[in-house]
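What follows is a set of notes on a single structure, which appears directly below.
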Amino acid sequence: MPPRWPRKPDRADPDYRRLDDRMTFAVHVAAFLACNSGVWFVHNLKQAEWEWIVWFSGIWGVVLLGHLLYIAAIADYSEKYNG
């Protein structure tokens, strides 16, 4: 069942912004897990010599951690936001 919002969605609403940012992060995590598990599965299945795969996973993982840091510590969800 999809989440329901009790009022009209508006980016000026701090609760809506917080929920939207967390849902966007969840999609980011899902894409990371799907892509990386697929790439590593093919890598192990073919026993390929892909040197870039560690960089691919590592850089994307760092970006994912940065996204988490942003929504957990940096994002401003106060009422003063206007757009």
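The values are calculated or read from the model by the stated rules, or taken from the named source; none is laboratory data. Just so it is clear, the structure is predicted and the values come from calculations on it, not from any experiment. Ideal geometry is used to build each Cβ from the backbone, glycine not excepted, and the neighbour counts take in all protein chains shown.
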Quickly run through the range 18-34 and pick out the residues that are surrounded by 13 or more Cβ atoms within 10 Å (Cβ to Cβ) and free of Cβ contacts under 8 Å to residues at least 12 places away in the same chain.
20
Long-range neighbours under 8 Å by Cβ, at least six apart or interchain, first residue among the small types (Gly, Ala, Ser) within the range 41-69, second surrounded by 11 or more Cβ atoms within 10 Å (Cβ to Cβ):
48/42; 57/36; 57/39; 57/40; 61/32
Any residue in the range 73-83 that is under 18 Å from the mean Cα position of the chain (by Cα), at pLDDT 85 or above and assigned to a helix (DSSP H, G or I)?
yes
Which is of a type in the set (S, T, N, Q) and within 14 Å of the chain's Cα centre (by Cα), of 44, 36?
36
Across the range 43-62, what is the number of residues that are in a helix (DSSP H, G or I) and surrounded by 12 or more Cβ atoms within 10 Å (Cβ to Cβ)?
6
Sort out which residues of the range 1-13 are loosely packed, with under 15 Cβ neighbours inside 10 Å and under 13 Å from residue 78 (Cβ atoms), and write them in order of number.
12
